Amino acid sequence: MKKNLLFTLFLLLVVATSFAQRQFRFKDGKFKVVQFTDIHWDPKSPGCDTTRNTILSVLKQEKPDIAILTGDVVTDNPARKGWEAIVKIFEDAKMPFAVTMGNHDAEPQYMSKKDIYDLLMRSPYFVGSHGPKGIHGHGQHVIPVYGEKNKDKAEALLYCIDSNDYPETDELGHYDWIHFDQIAWYREQSKHYTQLNGGSPLPALAFFHIALPEYRNLMNRKGTWGKCDEGEVCAADINSGMFASFAECKDVMGVFVGHDHDNDFIGQEKAICLAYGRVTGTDAYGGLVRGGRVIEMYEGQRRFDTWITTPAGREFTYYYPSGITSIDEEGPYLPALNVKPTKHGVNYTYYEGKFKKTADIANGEKVKEGVLRNFIITEARSDDHFAYDFRSYIKIPAKGVYYFDIASDDGSRLFIDGKEIIDNDGSHSQEFVSGKVALEAGFHEMRILYFEDYMGQSLKIKITDKNGSSILPDEMLYVK
């Protein structure tokens, strides 16, 4: 009997070790993560049954490769019993999972972070770790996602970081921050995997509990989607530079947090996606329907799709890096024109005069007309006081939603099939303005009005679909 017990314990240890060291990899070019946040499990509450059913419903619908729990998981006593119940949910579902700490998980009346991770490490489905010693926080680790064919090469990374809980004194604010030693750890990991990838940063996602201060920049911004029913972002008062390191290291595409139960918004800051998950726990405060956030990555590409899933189904999809959503794709779409131009180029009329807005262009002196390869101003005769009226047919390869971006000094406006898409008018230094339009596949008339007043001139046009963006290529532009 004793030998059988020892053998059973040995097998459990082997299984647990194999999961902790398991390799995640892309399947059919995709890898799916589900984020559960703010479960707020109270072992004494009847709400636990509903929370469990929410988690299982999302897992059944999405069949992710991994689940990541971003803090405030068990927030009442008996805490050990609560953590054991959480672990059992994922073990019964045979779902690998990782955990980051919230500000409530290790409050003094509950369990310490060390004890929590000791318990988690005993599960064969837990894929995290205690994290490095000697730095702030607990449970910091990076999960490589390997290629489908090249089984020894990491193709993407998942960073799990402890955003900590409360600062040492009230004068420093209500919430703690990610500390310099944690940021140094992240930078070391990023550098290591970048070097292994020949100097090119791997596409990465970061998960933790409390939002970065930069999330505040997304509130009420055009291009931010979802709800901000908290009316604020409850981040640290002190900005320790985590976001700056993400920007410098160039691997993290998206950051996913929780903490603010009535927020689930998503947007971009400096080309990095900042997103909230969806509150999961029945006993957590807040009015949003309980669920989880799903993120689907693509092998070899710096892009992902993300959406909220609840027991009722999926909500809208957000496409990174374009910022286009499935709501945009609902239309209406501008129909293609019945034209078949075969020659590449852009027709232009060049004017000179003093202009303060694009409406002044028609009153200027018409100097010349012709065809250029693109919307370019390098052939202007003067450094100042000139304007262009550009016209071309743009060939749209597939039905979809397209963003157009204009960076101009001075003013510009962009029209598609006579509809104004961008208004970047007026005398100003270089300003970046974007607009979107839903287009059927085929040819569409594109017109750009541009003028230069004085002191510097520029005109750059970028096009973006849900798979990515580029400077508007010559090959898309035609004249009759």
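Rule-based calculations on the coordinates, nothing more; no lab input. Predicted model only: the values in this text are computed from it and were never measured. Every residue, glycine among them, receives a Cβ derived from its backbone with ideal geometry; neighbour counts consider all protein chains shown.
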**Prompt:** Glu62 fails exactly one of the following numbered conditions: (1) in contact (Cβ under 8 Å) with a residue 60 or more places away in the chain; (2) farther than 17 Å from Gln35 by Cβ. What is the number of that condition?
**Reply:** (2)
**Message:** Only one of Gly134, Gly128 is of a type outside the set (Asp, Glu) and over 29 Å from the mean Cα position of the chain (by Cα). Can you tell me which?
**Reply:** Gly134
**Message:** Which residue is surrounded by the most Cβ atoms within 10 Å (Cβ to Cβ), if the candidates are limited to the range 332-365 and must be charged (D, E, K, R) and touching a strand residue (DSSP E or B) at 6+ places or on another chain (Cβ under 6 Å)?
**Reply:** Glu352
**Request:** For Thr378, work out the one condition from (1) of a type in the set (Ser, Thr, Tyr); (2) out of contact with any strand residue (DSSP E or B) (no Cβ under 7 Å at 6 or more places or on another chain); (3) closer than 30 Å to Ala67 by Cβ it doesn't fulfil.
**Result:** (3)
**Request:** Test Ser458 against the stated conditions and say whether it is out of contact with any strand residue (DSSP E or B) (no Cβ under 8 Å at 6 or more places or on another chain) and farther than 28 Å from Phe316 by Cα.
**Result:** no
**Asked** Scanning the range 396-434 for residues that are acidic (Asp, Glu) and buried (at least 18 other Cβ atoms within 10 Å of the Cβ), which turns out nearest to the chain's Cα centre (by Cα)?
**Response** Asp405
**Request:** Would you check if Gly258 is within 26 Å of Pro144 (Cβ to Cβ), buried (at least 24 other Cβ atoms within 10 Å of the Cβ) and either charged (D, E, K, R) or in contact (Cβ under 8 Å) with a residue 24 or more places away in the chain (or both)?
**Result:** yes
**Request:** Give the residue, chosen from Glu248, Glu296, that is of a type in the set (D, E, K, R), surrounded by fewer than 22 Cβ atoms within 10 Å (Cβ to Cβ) and touching a Lys or Arg at 6+ places or on another chain (Cβ under 6 Å).
**Result:** Glu296
**Request:** Only residues that are of a type outside the set (Asp, Glu) and within 19 Å of Phe246 (Cα to Cα): list them for the range 155-178, please.
**Result:** Ala156, Leu157, Leu158, Tyr159, Cys160, Ile161, Ser163, Asn164, Trp177, Ile178
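Yes/no matrix, rows are residues, columns are (1) within 19 Å of the chain's Cα centre (by Cα); (2) among the hydroxyl-bearing types (Ser, Thr, Tyr); (3) in a loop (DSSP other than H, G, I, E, B):
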| position | (1), (2), (3) |
| --- | --- |
| Gly199 | no, no, yes |
| Arg216 | yes, no, no |
| Arg221 | yes, no, yes |
| Gly231 | no, no, yes |
| Ala236 | no, no, yes |
| Asn239 | no, no, yes |
| Ala244 | yes, no, no |
| Val255 | yes, no, no |
| His259 | yes, no, yes |
**Asked** Scanning the range 464-480 for residues that are farther than 19 Å from Tyr348 by Cβ and in a strand (DSSP E or B), which turns out nearest to the chain's Cα centre (by Cα)?
**Response** Gly468
**Request:** Could you list, in sequence order, all residues of the range 68-86 that are surrounded by 15 or more Cβ atoms within 10 Å (Cβ to Cβ), in a loop (DSSP other than H, G, I, E, B) and either of a type in the set (Lys, Arg) or touching a Pro at 6+ places or on another chain (Cβ under 9 Å) (or both)?
**Result:** Asp76
**Complete:** Within the range 308-351, the residues that are more than 21 Å from Lys466 (Cβ to Cβ) and of a type in the set (S, T, N, Q) are Thr310, Asn338, Thr342, Asn347, Thr349
**Asked** How about the range 114-132: which of its residues are in a helix (DSSP H, G or I) and crowded, with 18+ Cβ neighbours inside 10 Å?
**Response** Ile116, Tyr117, Leu120
**Complete:** Of the residues in the range 47-67, those that are surrounded by fewer than 19 Cβ atoms within 10 Å (Cβ to Cβ) and part of a helix (DSSP H, G or I) come to Gly47, Asp49, Thr50, Arg52, Asn53, Leu56, Ser57, Lys60, Gln61, Glu62
